[in-house]
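Contents: one structure, followed by commentary.
The values are calculated or read from the model by the stated rules, or taken from the named source; none is laboratory data. Only a predicted model underlies this, so the values are computations on that prediction, with no experimental measurement involved. Every residue, glycine among them, receives a Cβ derived from its backbone with ideal geometry; neighbour counts consider all protein chains shown. Side chains are part of the model used for accessible areas, which takes the heavy atoms of the whole protein and leaves out ligands, DNA and RNA. Shrake-Rupley method; radii C 1.70, N 1.55, O 1.52, S 1.80 Å.
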Amino acid sequence: DTEVTQTPKHLVMGMTNKKSLKCEQHMGHRAMYWYKQKAKKPPELMFVYSYEKLSINESVPSRFSPECPNSSLLNLHLHALQPEDSALYLCASSQSVTDTQYFGPGTRLTVL
Amino acid sequence: GDSVTQMEGPVTLSEEAFLTINCTYTATGYPSLFWYVQYPGEGLQLLLKATKADDKGSNKGFEATYRKETTSFHLEKGSVQVSDSAVYFCALRWGAQKLVFGQGTRLTINP
């Protein structure tokens, strides 16, 4: 089983809202990732967690705040987003940071 | 730095045609190579991978061989179906470095 789940599937929010994206995996993977994908582009890495600790932040604005409460769960907290932040947000996981990454279905975010 | 170059799309074929999507890479180490597929409105799915030179990855009728001498990992399928219509991403990863994607190739199969 290589399933990564993400909720919600779609999210519409205003620029003053606070919302969270959730990602879950039950494969025992110890590395989890957030990516942002704009239309007709490849995914861009945002954050990497390894053993529940943030190991990479690709200079992402502070209006995006990741959290890894346990080894199966990864959240992305959103606050004061801009319309240009509208995109598909993908979560991925891997056994370790050197192993194959498996992606979730994504959350389609629209910022009004 | 490491990079991946894919053939320009979009690619349009008829059902049962032979498919090749070219992928070449530049890397300083010995990367693993991947093909991911993204169907409309969905996330990325791992299609196949190869971890060392001359390895062949295969899945669902798709194949790709890791060619170190030509730094290539071309994706092939002998007979495509309408359901293969998607965007295909070639990618590489060396050790704990981040996954490096090509720009993606949009494939449309007409019945």
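Tabulated values for the structure
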quantity	calculated
Some residue of the stretch B:17-35 being under 22 Å from B:P111 (Cα atoms), in contact with a Ser or Thr (Cβ under 6 Å, 6 or more places away or on another chain), assigned to a strand (DSSP E or B) and open to solvent by less than 70 Å² (accessible area, probe 1.4 Å)	yes
Qualifying residue in the stretch A:46-54 (condition: aromatic (F, W, Y), open to solvent by less than 10 Å² (accessible area, probe 1.4 Å), in a strand (DSSP E or B) and within 15 Å of A:T5 (Cα to Cα))	no
Contacts under 7 angstrom Cβ, first residue in the stretch B:54-67 being at negative phi and part of a strand (DSSP E or B), partner hydroxyl-bearing (S, T, Y) and open to solvent by less than 50 Å² (accessible area, probe 1.4 Å), 6 or more apart	B:K56/B:T65
Residue list for the stretch B:59-83, filter: of a type in the set (D, E, K, R), open to solvent by 30 Å² or more (accessible area, probe 1.4 Å) and within 23 Å of B:P111 (Cβ to Cβ)	B:K60, B:E76
Some residue of the stretch A:11-24 being within 13 Å of chain B (Cβ to nearest Cβ), surrounded by 14 or more Cβ atoms within 10 Å (Cβ to Cβ) and closer than 22 Å to B:L92 by Cβ	no
Condition met for A:T100 (in contact (Cβ under 8 Å) with a residue 60 or more places away in the chain and either away from chain B (no Cβ under 11 Å) or out of contact with any Leu (no Cβ under 6 Å at 6 or more places or on another chain) (or both))	no
Residue list for the stretch B:36-58, restricted to those being open to solvent by less than 50 Å² (accessible area, probe 1.4 Å) and more than 12 Å from chain A (Cβ to nearest Cβ)	B:A53, B:D55
Selected residue (criterion: nearest to A:M15 (Cα to Cα)) from residues of the stretch A:43-58 that are in contact with a Ser or Thr (Cβ under 8 Å, 6 or more places away or on another chain) and either within 12 Å of chain B (Cβ to nearest Cβ) or modelled with pLDDT under 95 (or both)	A:V48
A:K40 being closer than 28 Å to B:W94 by Cα, open to solvent by 10 Å² or more (accessible area, probe 1.4 Å), touching a residue at least 24 places away in the same chain (Cβ under 8 Å) and within 14 Å of chain B (Cβ to nearest Cβ)	no
Test: residue in the stretch B:84-93 that is surrounded by fewer than 17 Cβ atoms within 10 Å (Cβ to Cβ) and either within 14 Å of chain A (Cβ to nearest Cβ) or in a strand (DSSP E or B) (or both)	no
Residues of the stretch A:59-92 that turn out to be outside any strand (DSSP E or B) and within 14 Å of chain B (Cβ to nearest Cβ), as a count	2
